[in-house]
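Here the structure is laid out as structure tokens; the discussion comes afterwards.
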Amino acid sequence: TWGVLNLVEEDKLDLDQPIETYLSSWKFPPSEFDNSAITTRRILTHTAGINREGEFKQITSPDSVETIYEYLSMTKVVYPPGTSHNYSNNGYAILQVLIEDITDQSFEEYMTKNVLEPLGMTNSRFTWNDTLGLKMATSYNQDRTVAPHFFYAEQSTGTLYSTIQDFTKFLQAHLSDNPVLKKETQEPLKKNQLPEDFPSWSPNMDQALGAKIYGRTTSDENIIGHGGLGRWTVQNQVLLNPTTGDGLIVFSNGTFDYASKLGDEWLFWKYGFINYGTQMNNLNRIIMILVIGYLIIISLFWLRGIQKRKKSG
């Protein structure tokens, strides 16, 4: 999102023009819907009507990674753009192609020169290279065995290698003018971008450009952030109050949900609310417990009835 908005500041991109206006190396497949209604803004807010993602492949060698175009071969427009929220990694893979087509640079090169380096994120890259001299943490499976290192074509959705220190610099950049984005350009990153009458995808979680809005404090401050799960025991959670500068960054591996649970605890401890996803997970557990409880009660009554009939017989 920051890379895209940097292009907006340079007058190279209009968020509300059809994105195919700027795409030269890839086009959407024909669909029953109006592809010209797919804009960069809608992709950034996951309302462009694009399916979630392509096939996850177990690629453990950088020499075997497919191209971004092969990854996007499974991309479809599955509902009318602008009518519903549907989280889409495919959409962000398309933004990777958009950046490359507009700048005539690789995604890695553009993001490094225009976002990472200006923010002082010198230990962050979108492509892993052993010659960088960076130390990557060992990744673990849930059973504590060492997990393989996977590689992806879709760099924009899942290959950012970073550190807590570097990512702190990224969150701090949300608080003021910086070498990448002016403060006014950042406003859509912190405020809900969905219309008031937009079909709600959850009762209390809105969507900014790129980031989710996890909730509002009693002082009406938005809490923005994002979580991620990768292959399938690398899990991260980032949360930020752009008004106060309070935030949380958790990078974890060897678990499906450690980072998100810490994020939930922080939100509840700091602001007294629980995000919608956790509410739904807890609701499902409660429903399951109630169903099991009712079945046990019914079974006990049934067994008691059998025993009474035997005594009376």
Notebook entry, point to check: Somewhere in the range 33-48, is a residue more than 20 Å from residue 4 (Cβ to Cβ) and in a helix (DSSP H, G or I)?
Noted result: no
Note to self: Restricting to the range 212-259, name every residue that is part of a loop (DSSP other than H, G, I, E, B), open to solvent by 40 Å² or more (accessible area, probe 1.4 Å), without any contact (Cβ under 8 Å) to a residue 60 or more places away in the chain and of a type outside the set (Ser, Thr, Tyr).
What the structure shows: 220, 232, 246, 257
Check: How do the pairs read when you match residues in the range 54-74 that are farther than 16 Å from residue 25 by Cα with residues anywhere that are open to solvent by less than 90 Å² (accessible area, probe 1.4 Å) and part of a helix (DSSP H, G or I), using Cβ under 6 Å and keeping only pairs 6 or more apart or on different chains?
Finding: 54/71
Next item on the list: May I ask you to say which residue of 284, 275 is modelled with pLDDT under 80 and either under 25 Å from residue 173 (Cα atoms) or of a type in the set (A, V, I, L, M, F, W, C) (or both)?
Entry: 275
Margin query: Quick test of your reading of the structure: residue 186 fulfils all but one of (1) at pLDDT below 95; (2) crowded, with 18+ Cβ neighbours inside 10 Å. Name the failing condition by number.
Written below: (1)
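The values are calculated or read from the model by the stated rules, or taken from the named source; none is laboratory data. All of these numbers come straight from a predicted model, not from anything done at the bench. As a convention, Cβ positions derive from the backbone with ideal geometry for all residues, glycine included, and neighbour counts pool all protein chains shown. For the accessible areas, the whole protein counts, side chains as well, though only heavy atoms, and no ligand, DNA or RNA atoms are used. Shrake-Rupley method; radii C 1.70, N 1.55, O 1.52, S 1.80 Å.
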